[in-house]
Structures are given as C-alpha cells and as structure tokens.
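Q: This structure is in structure tokens; I'll ask about it shortly.
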Amino acid sequence: MLERLPDGAQILIRPIRADDKRLLEDGLRQLSDESVHRRFLSPKRSFSRTELRYLTEVDGRDHVALVAEYPGEPVRRLIAVGRFVRHNDSPDAAEAAIVVSDDWQRRGVGSLFAERLAAQARRLGIRQFTATMASDNVPAHKLMERMTEHLEEHHTGSGVSELVMDLAA
C-alpha cells in the first residue's frame, strides 16, 4: 500500500516476506551505530540464519511485521521495519519495535508505522504494546507518548526502559 509522508514522499508499506532476508541483512549493515544501539541495545551487525527466519517468516497473527520501501530508489532496499510479537503469557499484549533507516528518520515514517501496527494489533485483539528501549531514545519515547493517553515507564537499569502503552480504540 502506498502511503504519503508529511513531506510528500510516497513509500510502499507491505507485510514482510520470507524472501526479504537479504534486504533485512543489508538494512542492518547500513544502519548507524546509534540506530543499531537504539533498536537492539547492543552492537549488532549481522543476523544468524535462525534470526532471519524468525524475523521474516511470521504468522500475521501472533507475529506481525511490516516493511517500507521507497519506490523511487534505483536499488530495492528496506527503509523501515516494524513489528509486534504477542506475549505468550498475556495474549492481549505484544512487544513492539520499529527501526527506520538513518536517511529516512524524522520524516514521519516511525509515526506511520506505529499507527499501522497499532491498528493491526487492535484488529487482532491486542490492547497493549510494550517496548524495551534505551532510556535516552527520546524520539521513540515521544512517539509512544503521542500514541496513547496512558503510558507507563519502568527503568530496568543499565540505561534501559520498559514502556507499556494502552492502544486506544
């Protein structure tokens, strides 16, 4: 589905596919150290085969993942990935995560992904998102604050926060 960003650029948002493994690996290698740390909370420059399978072969119900591409680029690449994974012990809650390539940050991609993921989660009976993130990840904190009327933050130590937000109807 083509979506228009606030600056007028159009991006294609679609469900992740099993054949996106190479694009996902390439995207990780292109992220800055800061973006990698914000997403994974540690240095990470590659995925194992098991991780790639887990990240790209999702069921669309308990594990939903979306990707974005910019159709105007000459070489296909992922400019964003967002996902949620339902909690086993609490089926109305899911862990959510979004990463946007450095050159597309601060253009509304993260907000668009958050809205799409929240809408899909609500359709699947999920009423709450959790997110584990760096305590100093101000853009992600602000995004979650904008998305909900009820946000809880728990500092778990070592510069990491656990955020819990209700998904408003």
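The values are calculated or read from the model by the stated rules, or taken from the named source; none is laboratory data. Source: prediction; values computed, not measured. Heads up, the Cβs are rebuilt from the backbone with ideal geometry, glycines too, and the neighbour counts pull from every protein chain shown. For the accessible areas, the whole protein counts, side chains as well, though only heavy atoms, and no ligand, DNA or RNA atoms are used. Shrake-Rupley method; radii C 1.70, N 1.55, O 1.52, S 1.80 Å.
Q: Do you know which of the residues in the range 35-55 that are in contact (Cβ under 8 Å) with a residue 60 or more places away in the chain and assigned to a helix (DSSP H, G or I) is least open to solvent (accessible area, probe 1.4 Å)?
A: SER35
Q: Something else now. Before we move on, is ARG61 touching a residue at least 60 places away in the same chain (Cβ under 8 Å), within 21 Å of PHE129 (Cβ to Cβ) and not hydrophobic (A, V, I, L, M, F, W, C)? Can you show your working first?
A: Details: touching a residue at least 60 places away in the same chain (Cβ under 8 Å): yes; within 21 Å of PHE129 (Cβ to Cβ): yes; not hydrophobic (A, V, I, L, M, F, W, C): yes.
For ARG61, the condition - touching a residue at least 60 places away in the same chain (Cβ under 8 Å), within 21 Å of PHE129 (Cβ to Cβ) and not hydrophobic (A, V, I, L, M, F, W, C) - is met.
Q: Can you run down the residue pairs with Cβ atoms below 8 Å, 6 or more apart or on separate chains, where the first is in the range 1-29 and under 17 Å from GLY82 (Cβ atoms) and the partner is surrounded by 14 or more Cβ atoms within 10 Å (Cβ to Cβ) and aromatic (Phe, Trp, Tyr)?
A: That search, which allows pairs on different chains as well, returns ILE11/TYR70; LEU12/TYR70; ILE13/PHE113; LEU24/PHE47; LEU28/PHE47.
Q: May I pose another question? Look through the range 73-92, keep the residues that are more than 10 Å from the chain's Cα centre (by Cα) and touching a residue at least 40 places away in the same chain (Cβ under 8 Å), and return whichever of them is farthest from LEU167 (Cα to Cα).
A: Of all residues in the range 73-92, those more than 10 Å from the chain's Cα centre (by Cα) come to 73-79, 85-92.
Filter once more, keeping what is touching a residue at least 40 places away in the same chain (Cβ under 8 Å): 76-79, 86-87.
Values: ARG76: 33, ARG77: 30, LEU78: 26, ILE79: 25, ARG86: 14, HIS87: 15 Å.
Step by step, filter the range 73-92, then rank; the result is ARG76.
Q: In this structure, is SER135 of a type in the set (Ser, Thr, Tyr), on the phi < 0 side of the Ramachandran plot, at pLDDT below 90 and open to solvent by less than 50 Å² (accessible area, probe 1.4 Å)? Walk me through it before giving the result.
A: Working: of a type in the set (Ser, Thr, Tyr): yes; on the phi < 0 side of the Ramachandran plot: yes; at pLDDT below 90: yes; open to solvent by less than 50 Å² (accessible area, probe 1.4 Å): yes.
Criteria met by SER135.
Q: Could you name every one of the strands (runs of 3 or more DSSP E) located completely within the range 63-115 that has at least 2 residues being open to solvent by less than 30 Å² (accessible area, probe 1.4 Å) and closer than 14 Å to ALA140 by Cβ? Steps first, answer last, please.
A: On the way: elements: 63-69, 80-86, 93-100.
The strands (runs of 3 or more DSSP E) meeting that bar are 80-86, 93-100.
Q: How many residues does the range 1-34 contain that are polar (S, T, N, Q) and open to solvent by less than 100 Å² (accessible area, probe 1.4 Å)? Even if it seems obvious, please write down each step before you answer.
A: Step one: list which residues in the range 1-34 are polar (S, T, N, Q), which gives 10, 30, 32.
Then keep just the ones that are open to solvent by less than 100 Å² (accessible area, probe 1.4 Å); that gives 10, 32.
Counting residues in the range 1-34 that are polar (S, T, N, Q) and open to solvent by less than 100 Å² (accessible area, probe 1.4 Å) gives 2.
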